[in-house]
Amino acid sequence: QLQLVESGGGLVQPGGSLRLSCAAAGSTSVYNAIAWFRRVPGKEREGISCIKTSDGVAHYSDSVKGRFTASSDNTNNTVYLQMNNLNPEDTAVYYCAADRECSSPYFGFWGQGTQVTVSS
């Protein structure tokens, strides 16, 4: 089993940066694929990144590629999502999720979400 807690959301101006954290507790050695999703009210959930903490290899959606960077601090069982050059379109609730592989068709463990608002 695994528990995930997101933090770091908030209000930022367009062009600004924010770093989200996803702290994990439990079977981190097994469920070591950590994905970031975001959801805007009225729209489908969007997968934006996934990182395999065992090797640090990360993948990104086209919508965030070049602006967002995922990283893992395995000592502290924490995955970060560095978000740069934020746009108002990035406003969403951001969730981290975990499973065995980034290629998993679903993710079995989810955090509670953290709100990111990009506005002037």
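The values are calculated or read from the model by the stated rules, or taken from the named source; none is laboratory data. Please read these numbers as outputs of a predicted model, since none were measured by experiment. We place every Cβ from the backbone using ideal geometry, glycine too, and count neighbours over all the protein chains shown. These accessible areas exclude ligands, DNA and RNA; they are computed on the full protein's heavy atoms, side chains included. Shrake-Rupley method; radii C 1.70, N 1.55, O 1.52, S 1.80 Å.
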Debye sum, Cα scatterers, the chain, no solvent: what log₁₀ I/I(0) at q = 0.18, 0.22 1/Å? -0.85, -1.25
Please find, in a Gaussian network model of the chain (springs between Cα atoms separated by less than 10 Å), the residue of Ala33, Ala58, Ala24 whose mean-square fluctuation is greatest. Ala58
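How much net charge surrounds Arg39 when only other residues with a Cβ under 9 Å from its Cβ are counted (Lys, Arg +1; Asp, Glu -1)? If you can, show how the numbers build up before the last one.
Values: positive: Arg38, Lys43, Arg45; negative: Glu44, Glu46.
Once positives and negatives cancel, what remains is +1.
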For the chain, the accessible surface attributable to carbon and sulfur atoms (probe 1.4 angstrom, ligands and nucleic acids excluded) amounts in percent to 46
With a 1.4 Å probe and all protein chains left in place, how much accessible area per residue does the chain have, in Å²? 52
Hey, in the GNM for the chain with a 10 angstrom Cα cutoff, which one of Thr53, Thr75, Thr91 fluctuates hardest? Thr75
Cβ-defined net charge surrounding Gly15, 12 Å radius [Lys, Arg +1; Asp, Glu -1]: 0
Burial ranking of peptide ranges 78-87, 39-48, 102-111 (average Cβ count within 10 Å, highest at the top): 78-87, 102-111, 39-48
